[in-house]
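One structure is given here, and the rest of the page talks about it.
The values are calculated or read from the model by the stated rules, or taken from the named source; none is laboratory data. Since we're looking at a predicted model, the values are computed, not measured. Reconstructed Cβ throughout: ideal geometry from the backbone, glycine too, with neighbour counts over all protein chains shown.
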Amino acid sequence: MLKKILQDRVYSLLVLLAAISAVASIVFPSTFPTFENFRQILLNLSIDTIVAVGMMILLISGAFDLSVGSVVAFAGCLTAYLMHFFGVPVPLAIMAGIAGAMVVGLVNGFLIAYQGINPMIQTLAMMGIVRGMALMVSGSGIQNLPYWFNTIGQSKLLGLQMPVWYMLLAVLMFTFLVNKTIVFRRFYYIGGNEKAADLSGIRVKKMKLWSFVISASLAGVAGILLSSRLGAALPTMGRGLELRVITAVILGGASLSGGFGKIPGALLGALFMGIISNIMVIARISGYWQEIILGIILIATLWLDKFLQKKYADLR
Amino acid sequence: MKHSTTMNWKSKAFVICFLVLSLTACELPPRNANKNTEVITSSRDTVITNEEYVMVTTAVTMPMYVNHDQAAFKKWGEKMGVKTSILGPADWDVPAQINTIEEVIGTHPTGLLINGTDPAIAQVINKAVAAGIPTVVYDSDIPNSNRHAFLGTDWYEIGKMQGEEMAKLLNGKGKVAYMGILGLTNMESGFQGLLDVFKRYPNIQVIGKYDDKANVEEAARISSDLIAANPDIAGICGFDSNSGPGIALAVREANKTGTIKITTVDWEPEHLQLVKDGAIQMLAGQKRELFTWYGAQFLYDMVHHTNKMANNDAKAGITSVPYIINTGLLKITKENVDEFVK
Amino acid sequence: MRTIELQGISKTFPGVKALQGIDMLIHPGEIHAVCGENGAGKSTMMNILAGNLQPDAGRISINDQIVSLQSPQEAFEHGISIVHQHLSLVESLSIAENIFANQQPTNRFGFIQYKLLRQKTKVLLDQLDIQLDPTTTLSELSYAEKQMVEIAKALSKNPELFILDEPTASISAKETKILFNILKNLKQKGVAILYISHRLDEIFQIADRISILKDGKPQGTFPVAEISKELLIQKMVGRTLEETSDQSHRTGEVLLDVKNLSGEKFTNISFTLHCGEIIGLAGLIGAGRTEIARAIFGVEVKKGGEIIFKNESIVFDHPEEAIERGVAYVPEDRKHLGLFMDMSIRDNIIAASLKNARDGNLFSSAKATNMASSSKQSLNIAATGVDQIVRNLSGGNQQKVVLGKWLLTNPDVLIIDEPTHGIDVGARHEIYKILSKLASQGKGIIVISSDMAELLRLCDNIIVLKEGSKAGTLSRQDATEQKIMSLAAN
């Protein structure tokens, strides 16, 4: 048991989360440990988590995507644009929004996998391009979206707003895919050693292309959900989201060098950040401090992880 | 495959349960979420304990917000002897501001002062109002919300003031460009005000609208490109805090200080100095301190029933504070700039 | 002139006693070989001398002065210089900058004098007979050339104690000869040399004295004249190993027919591989051996010629197709091309046959574990379990893992590049046995090797390559080391 906790980030993070929640419940007994508050935490991290699932797959395969925040805005704005200005039916507009996101992923993936452009440079450039496209279609944002579109993100099931359920669905689905399908297992090999994977008969380029498409599509779904939840599409949606998501995924056990990570880790990483920022809101810690504290926590967690790994090695 | 029968049974049961739950537990949002005319005010007639006023903005670290909005809010809190808190994301991130408001609602503050950054926050404002929290919006109005009061500047007027001053400075003719953060509702209406003025001057030619991304370097780069491409450019208008200093820098580097007229917004020390130097001809300043000072005061008055109009305002469905306040604009030119330098 | 003495050196890692009471005396002007299987403690001892590790007990003295080597920098200040087996070079920098890393010549303002740097490098490279421009970027070099640069780097420090860890593992006979000449020169100048190698022939050729380690314990030090190869092996492995030529399993059935194959670095290569046959590809480094293998396996594009596999003309455009048809390729560079170092034995072994590790349409981790466990057992991989991370295994076991990965694809043709590179004697014999067994099952095997004893033992036919062309074919009966060398080098 101890071995598992020390070795697997998913478990150590769970223990840490429980400890932090326990302390917060003692300090803020009337505001923190309420269903209302947890419902809110889950809702607030749902969009980030859906993006984080895609990012986790990328990090497992040894890459990352900085353009996801812009894709969130672009997909939401494109969907809203089609519905609002052209009266495109809701399902068609959603499909168009996701297709738009997939195209971004295809371009990223093609240039990175087949043309050998560095993922950081490529997705950094794409981040600006796609943000510009979002501004182009939405101007200052599109309000008054169709009622049926808004129900997607604003309905509730069992007291939880729908984005929470979509998030859980995404986490469960990709956990299953990554654990249980041959195709998704390959991402671990690509992240572990790209050249060895290629020589082992894995078509690395093709897989990399698809990993970017998956991540962009999930970002697209997240963007559409976010605009449905807000009842509006804003071109400024998802600003800074990419770094937040990468932080969550690394907290959740991924490594920037690839080969490691589990999908539930993405959820736990996001949950960790969500709970911390919730506690800071409850404790009325102002925005200046939030960033500093989140940065310190990231470093502290990773250091603690190294420390535990070492302890584990000594234990043997 | 040996478990197939039980698996089937289990999955069938699960699907049935899920469907039943979905049908019974699925709760659709209200149809006219944004047009709820019912006004619910604080019904706290009882003793107020732990009085705390919370301001939620976005880009909480932006110097203009810190020096004006937040400073005045804190000063008000000290004067009134009540607790004030300022929350929100450090960057311009409206969804994060909404998330923060949602989480704050759960902690039931005495009053909420919200920076009206985007119409999309209407929903969460309604949620706060529905939770019985007095809610005041400042800076930009959120027209479709049930907010109790709004204080701010009419951005259309900012554009209009800049346009009229610029037309006067140019004697009604010449090439003009303008820049700001594209995609923000208030700026877009400022742009509209500017353009509506220029429509009346057929000899003023508008050559472009640019996004300086609230960044001095970007504003300077755009301006110097503009000057290079249009040596006869006569005036540039800026709409965010960083536009003015950036434009002025580029104009100075092109040795055209005073030749190319500049009007812009805000009156930070930097802007005032540039007016003194003659680089900027006019500033359209906002009275931001008034947004939050009086905004907080409105919240206080609602809670303490300072001006009670009905026996019970909440039950009567009214508020006893002003509905919309336009704090007006400051016009700062070389003539009066010394009065503003501290 | 320095005499280095180790007294009672011990070092324990969590769970492993790596060294136990090592005493050793290294005289100036002697070549002192250290022998032992992988895991015997050679690398630990070397790292202690290099200042990378601190001993738990014992002391090191230089000229009867006790010294403490807390860091590589301190070891360097005491005149100790080391040639690493795993290269310590920076791929993106030039040869010159690599050799003089952190000790570049500077002018009085502290700026690097690039001209002088290049000149000094050129002198060193000439000494080693390396025909390379000092400004060449390291990533453009072959593995063997990198190894020579590593040697040049260690030499640049004018060492008093020169330690070499498996220096010849990846270089060819020609370069080995140059290296030995340099070592003899240094020896005459009174430099003490510590030489670690698995290649016993080399040790007998160059060493003055041999110290033997087994499981971290000293097994004695012998002048080279007083110990036979058989005795040495016996002391290293604790049992005797026969070194004979294997029986041939060659049949008449043609499996793979390569006709006039040409590529970027080789031209007009033809040979026929029969069922049960082992063919060797010999030649100097850069002769095009690996490139031929990669072209057959579908990694590199062939420019001309034809490959007929099981009576069918084939072109693989990706290893995936080669694997599906029953061709496997074990690359030379285990660490970079063969293994997923931070993944488990299980994940490594199933890497090329993921499609088989499933139950219905889904990946089954139980099945994967079963597959890996049976490979682990049949290949005799020494590990705590299939969950162990490959990085923590010895070289021999790592090679078995790679081999296991490829055997699991059930290939008809196995191409294996330097099968025993950096592997100890015991594991080496096991690998030979595995290859021989595969041949007896009717599989065709192509062995690429720089170790001639290995080729002579395993192969039915040896194809000698020279500068990308076929220089000759030697059958099992004809082949001798001299014949191979003369075809390869002249």
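Below, the figures for the structure above:
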{"quantity": "Check on residue A:113, closer than 22 Å to residue A:48 by Cβ and not in a loop (DSSP other than H, G, I, E, B)", "calculated": "no"}
{"quantity": "Any hit, the range A:130-138, residues being surrounded by 19 or more Cβ atoms within 10 Å (Cβ to Cβ), over 21 Å from the mean Cα position of the chain (by Cα) and within 21 Å of residue A:53 (Cα to Cα)", "calculated": "no"}
{"quantity": "Among (1) in contact (Cβ under 8 Å) with a residue 60 or more places away in the chain; (2) within 14 Å of chain B (Cβ to nearest Cβ); (3) more than 23 Å from residue A:228 (Cα to Cα), the one test that residue A:34 misses", "calculated": "(1)"}
{"quantity": "Search result, residues across the range C:326-356 that are charged (D, E, K, R) and touching a residue at least 60 places away in the same chain (Cβ under 8 Å)", "calculated": "C:332, C:333, C:334, C:335"}
{"quantity": "Within the range B:61-99, considering residues that are at the interface with another protein chain (Cβ under 7 Å from one of its Cβ atoms) and in contact with an Asp or Glu (Cβ under 6 Å, 6 or more places away or on another chain), the one nearest to residue B:268 (Cα to Cα)", "calculated": "B:90"}
{"quantity": "Failed item in (1) closer than 20 Å to residue B:324 by Cβ; (2) surrounded by 19 or more Cβ atoms within 10 Å (Cβ to Cβ), with residue B:191 passing the rest", "calculated": "(1)"}
{"quantity": "Any chance residue B:125 is within 13 Å of another protein chain (Cβ to nearest Cβ) and in contact (Cβ under 8 Å) with a residue 12 or more places away in the chain", "calculated": "yes"}
{"quantity": "Unique match (being modelled with pLDDT of 90 or more and in a strand (DSSP E or B)) among B:222, B:247, B:236", "calculated": "B:236"}
{"quantity": "Residues of the range A:227-238 that turn out to be facing chain B (nearest Cβ under 9 Å) and either in a helix (DSSP H, G or I) or free of Cβ contacts under 8 Å to residues at least 12 places away in the same chain (or both), as a count", "calculated": "3"}
{"quantity": "Matching entry among A:197, A:232, A:216 (being within 13 Å of the chain's Cα centre (by Cα) and at negative phi)", "calculated": "A:216"}
{"quantity": "Filtered residue count, the range C:50-67, keeping only those that are within 19 Å of residue C:193 (Cα to Cα) and among the charged types (D, E, K, R)", "calculated": "1"}
{"quantity": "Options C:129, C:133; residue that is acidic (Asp, Glu), on the phi < 0 side of the Ramachandran plot and assigned to a loop (DSSP other than H, G, I, E, B)", "calculated": "C:133"}
{"quantity": "Filter result (within 22 Å of residue B:184 (Cα to Cα), more than 8 Å from every other protein chain (Cβ to nearest Cβ) and touching a strand residue (DSSP E or B) at 6+ places or on another chain (Cβ under 9 Å)) within the range A:135-161", "calculated": "A:137, A:142, A:145"}
{"quantity": "Of all residues in the range B:194-216 being in contact with a helix residue (DSSP H, G or I) (Cβ under 6 Å, 6 or more places away or on another chain) and within 14 Å of chain A (Cβ to nearest Cβ), the one that is surrounded by the fewest Cβ atoms within 10 Å (Cβ to Cβ)", "calculated": "B:210"}
{"quantity": "Top-ranked residue in the range C:312-346 [being among the small types (Gly, Ala, Ser) and closer than 18 Å to residue C:298 by Cβ; ranked as farthest from the other protein chains (Cβ to nearest Cβ)]", "calculated": "C:313"}
{"quantity": "Residue check, residue A:185 more than 9 Å from every other protein chain (Cβ to nearest Cβ) and either in a helix (DSSP H, G or I) or in contact with a helix residue (DSSP H, G or I) (Cβ under 7 Å, 6 or more places away or on another chain) (or both)", "calculated": "no"}
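Rundown of residues vs (1) touching a residue at least 40 places away in the same chain (Cβ under 8 Å); (2) at positive phi; (3) surrounded by 20 or more Cβ atoms within 10 Å (Cβ to Cβ), yes/no style:
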site: A:225; (1), (2), (3): yes, no, yes
site: A:240; (1), (2), (3): yes, yes, no
site: A:249; (1), (2), (3): yes, no, yes
site: A:253; (1), (2), (3): yes, yes, yes
site: A:274; (1), (2), (3): yes, no, yes
site: A:300; (1), (2), (3): no, no, no
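Matching residues to (1) at pLDDT below 85; (2) over 17 Å from the mean Cα position of the chain (by Cα); (3) not in a strand (DSSP E or B):
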residue: C:328; (1), (2), (3): no, yes, no
residue: C:337; (1), (2), (3): no, no, yes
residue: C:341; (1), (2), (3): no, no, yes
residue: C:348; (1), (2), (3): no, yes, yes
residue: C:367; (1), (2), (3): no, yes, yes
residue: C:381; (1), (2), (3): yes, yes, yes
residue: C:399; (1), (2), (3): no, no, yes
residue: C:403; (1), (2), (3): no, no, yes
residue: C:406; (1), (2), (3): no, yes, yes
